[in-house]
Structures are given as C-alpha cells and as structure tokens.
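First the structure, in the form of structure tokens, and then the observations on it.
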Amino acid sequence: MRKIRTILSHITIIFSGMFLTLAILNQYNPGMGFLTSGISMVFIVLFCLSVIALGVTTIADNRRYAKHMHQREEEAARWKKISNNNRRPQ
Amino acid sequence: MLHKKPLPILLVILLDVLGIGAMLGIFSLFMFVIRFDNGHLRQSTVLGATQTIDAPAATPDPNAQQDAAATPAPTPTPAPGDFSATFPTGDLNAANAIGSYADENLRIVVTENHTNDASYYVADVWIRNVQGFKTAFAGGKFNGGYAMPSTMASENNAILALSGDCNRARPAGLVIRNGTVYRDTLQGDVCILYADGVMESYYESSFDLDAAMARGAYQSWSFGPKLIDNGQVPSSYNTSDAIIAHNPRSAIGYYEPGHYCLIYVDGRQSNNSKGLTLDELSQIMIDLGCVDGYNLDGGQSSMMVFQGQVVGSPYKGGREISDIIYFGGNDPQ
C-alpha cells in the first residue's frame, strides 16, 4: 500500500507540474488552447483519477493505522488492568 | 523487516521534474504532431452549394441590338464576387510606396510607415474577382505541416503574401479556405471573407456559424482579436495581455468589396521597432479608412513577402507556420 501511495504521489506531482506549466503558457497565448483541447481533457481526467486513487489509498491507510493504534491502546489498557490486578497488596 | 534507504531528496525532486518534462513532451506529441483530424474535410466547396462566382456579369439580350438606338442599354448587374465595376484603372501612385504591382485583375501598392515605436508596412490591394483573394496551406493541404511563409509564397508564385492564422497550431477554430470548410469548431474571434467580397470579423460570442455558411463564407481566419468595433477602437480585446502588448504583427483590413489591406509590423527590435499594441494597430487601421480589421498570428510568425522579397525585418527571420494569404500567382489547389 505504501509503495502504491508513493507512486501515486509522484504521478500527481508530475501532473500538477505539467498543468502549472500549461496554465502559464495559456496566459501568454490562450489561442493555442493548452487547457481546452481534447488531449488536455484526457490528461485532466487522468490527473483526477490519480488524485482520487491517492486520496482513497491515503484514507484507507489512515483508517488502518487508526484502527491499529486503537487496538494497541486497547491492548495496553488490558495489560495495564491485568498488571494492576496482579499487584501484590502493600 | 529491513527498510530500504530512501533516495536523496534532491534526486527525488530531479526525477519528478524529469517526469514533468516527459509528460509535457507526450502532451506536445499528441497536441501538435499526432492529430486525429489530419486533413479531414468537413464539407465540400461552399461556393458550389450556395453561389456561383464565375457567372458572367450580365447576360446580353439577343433582341437588345435592334432597340439599341431607341432604349439605353441596361446597366449590367455584377455577379457576386465580381468587382469589375469598382476595380481601379490608371497609374499607381502612393506616398512612401516601396513597391507596386498591377495587372488586369490585381493592383497592389506597398507602403512603408513609421510611428515612434514601430515600422509597419501596408499593402493596399484591389482585386477584380473574389477568387483573386487566395490562401494556401503548408504542404499543399490542411494540416499538411509547417513551412516558412516565404517558401509558401514562392511555391505559389505569389505576388504578395502574408502569414495567416497558423490554424494547425490550435486544435480548434473555424477553417474555411478558398470556399472549402476544413474545420467547423470555434475558438476566439472569427474573420470571414464572404463570396460577395464583404469581409466581417465577429466576436466569438456573437458569431453564427450556420448563418455565415449560408451566406457563402469563402475564407475564414481564427486568431484575432477583432480590431475595429463599429468604426472605433474596441474597449477590450478577446485575447491575453501578452498579445495586446507591443508585438510584431500581421493583420488584414477591409475597405469595401474587392479592396483590402494587409499590414505587417516589425517588432521586438529595440533599436528599430518594438512593434505595435493592439490599440495602436486598431487606430492605424481606422486612420487608413478600414471598416473592419482582424489580427492574424503575430510575433515571430509575422512575415510579408512582396514579389519574392521579404518585407521589413521579421523577428528572428520568421518561423514556419501552417498557412498564408496571397494574391497573384497560382490558383489554389
């Protein structure tokens, strides 16, 4: 999962860099249709899909981590209770 | 589990930048090289369907000879696209003229002019028939590639040629050339030369493609912006600030059917001419007496060729584009 997230992160950085470049070029010559052409639309769709995939994997990873941490806390609480019960009376 | 040591952060950044460059390369490949509508013809000749411009000016009545003395001959009604009635005769005279040309169907006077910041050249053109207003694509066909305007002018034996709108560089924009529709999508302001010789430019928002087709559009250009709005300098232009600023320029102006002007502006030359803003170009066209004007692809693309010679000093010697406007020489293919 971590490897997939890393790859998706780089893909989104690359797409973002590309679209920032195209946005700057579009300021100078909007007539070229850098952001409105058919091929731009294809790249925008791919960008959106990569962002959605990154978002879904990040949320899934965060939830799994939160669940794992919650289980660890429960385990710690249980062990603490057990150790308290087994403590010798003073 | 043993974790691999991560790559140095500078290397990661470098790889991402290389990735951005690769993606831009792929984008450019699909945008400019691999075109899915390559040479696709949208509609056959417009003129053939709507108008015939080769029709004789007037059909003589066989009985008219007998009554010639009694009744005056009717004034012939010129066919649409025939400008014989207004085509001038006589000497070509113009102040600042750097060249002229005249034959029975075409008259051209090229003048050199200066403002404080720019040198510009105006080619005043009269044609006898709308078919004298010609355009050509690089490679001889739509999306046929790119070529220097001077090369295209030479290939077509043009007397006068001007760089066009470089339609191949953009994925959309109306392209009608010599009566044939090659692309029927809109992008930006549009200029139409109709078969009756009238030239009109339109804001993108107010252009009706179907109406223009029905009226008999003979040539079209999609670059812009429109330069004259009801005889005035427009209050704003439908383009970016970078294009509005001082630049080398190509533009086309319209006086009346059969009478046009092509304007070429030297620019980006600090010691000679830094070019004209769109406001300045609009004002010059209005001062010339144009009733309509339209900006074509400028910058390094701008080039005018008259009788085989490049006019002025194109920025960096010009560059390859996809089309030209020309007069004289070969008929369009």
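Since every read-out is calculated from the coordinates, none of them should be taken as a lab result. Keep in mind the model is a prediction, meaning the values are calculated, not measured. Cβ placement follows ideal geometry from the backbone for every residue including glycine, while neighbour counts extend to all protein chains displayed.
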_Per-residue HN-Hα couplings for the range A:70-87 [Karplus 6.51, -1.76, 1.60; θ = phi - 60°; Hz; x = Gly/Pro]_ = 4, 4, 5, 5, 4, 4, 5, 5, 5, 5, 5, 5, 4, 5, 5, 5, 7, 5
*Given H placed on each backbone N at 1.01 Å, which residues far from B:Met148 in sequence or on other chains put an amide H within less than 5 Å of it?*
B:Ile321
*Across the range A:33-39, in residue order, what do the Karplus-derived ³J(HN,Hα) couplings come to in whole Hz, using 6.51 cos²θ - 1.76 cosθ + 1.60 with θ = phi - 60° and x for Gly and Pro?*
x, 4, 9, 10, 6, x, 5
*Highest to lowest packing among A:51-60, B:5-14, scored as the average C-beta count within 10 Å*: A:51-60, B:5-14
*Can you put A:Leu8, B:Leu24, B:Leu15 in order of Cβ neighbours within 10 angstrom, beginning with the fewest?*
B:Leu15, B:Leu24, A:Leu8
*Expressed as a rounded percentage, what relative contact order does chain B have, with Cα pairs under 8 Å and six or more residues apart?*
22 percent
*Using θ = phi - 60° and the Karplus form 6.51 cos²θ - 1.76 cosθ + 1.60, what ³J(HN,Hα) does each residue of the range B:265-277 get, whole Hz, x for Gly and Pro?*
10, 5, x, 6, 10, 4, 8, 10, 8, 8, x, 10, 7
_Would you calculate the convex hull of the Cα atoms in the range A:2-84 and tell me its volume per residue in Å³?_
88 Å³
*Report the one residue of B:Phe306, B:Pro234, B:Leu209 whose Cα lies farthest in the direction of the positive end of the charge dipole of the range B:48-327 (charges on C-beta: Lys and Arg +1, Asp and Glu -1; origin at the Cα centre).*
B:Phe306
_Please report the spacing between the Cα centers of the range B:100-169 and the range B:267-319 in Å, no decimals._
12 Å
*Amide H to amide H under 5 Å from B:Asn129: which residues, 5+ apart in sequence or cross-chain, H placed 1.01 Å off N in plane?*
B:Phe83
*Near B:His246, within a Cβ-to-Cβ distance under 14 Å, what is the net charge of the other residues, with Lys and Arg +1 and Asp and Glu -1?*
-2
_Amide H of B:Gly328 versus every other amide H placed in the peptide plane: which residues, excluding those fewer than 5 positions away on the same chain, fall under 5 Å?_
B:Ile159
*Could you list log10 I(q)/I(0) for chain B at q = 0.13 Å⁻¹, which the Debye formula gives when each Cα is one point scatterer?*
-0.96
*At a Förster radius of 60 Å, what calculated FRET efficiency corresponds to the Cβ-Cβ distance of B:Asp287 and A:Leu46, to the nearest 0.05?*
0.75
*Modelled FRET efficiency - R0 22 Å, B:Glu256 with B:Ala214, Cβ distances, 0.05 increments*: 0.45
*Neighbouring Cβ atoms within 10 Å as the yardstick, rank B:Trp221, A:Trp79 fewest first.*
A:Trp79, B:Trp221
_How far apart, in nanometres, would the label points at B:Leu7 and B:Asp279 be if each is projected 7 angstrom from Cα along the Cα-to-Cβ direction?_
5.1 nm
*So how tilted is helix B:9-28 from the main axis of chain B? Cα-based, degrees 0 to 90, rounded to 10.*
20 degrees
_Give me P(r) over the protein assembly as shown, computed from all C-alpha to C-alpha distances, binned every 10 Å, as integer percentages._
4, 18, 25, 18, 11, 8, 6, 4, 3, 2, 1, 1, 0, 0, 0
*In nm, give the distance between the simple-model label positions of B:Leu186 and A:Leu25, each being 7 Å from the Cα along the Cα-to-Cβ direction.*
2.6 nm
_Using Cβ counts within 10 Å as a stand-in for footprinting exposure, how do A:His10, B:His259, B:His114 rank, fewest first?_
B:His114, A:His10, B:His259
*Nearest 10 degrees, 0 to 90: what angle lies between the long axis of helix B:278-288 and the longest principal axis of chain B (Cα atoms)?*
10 degrees
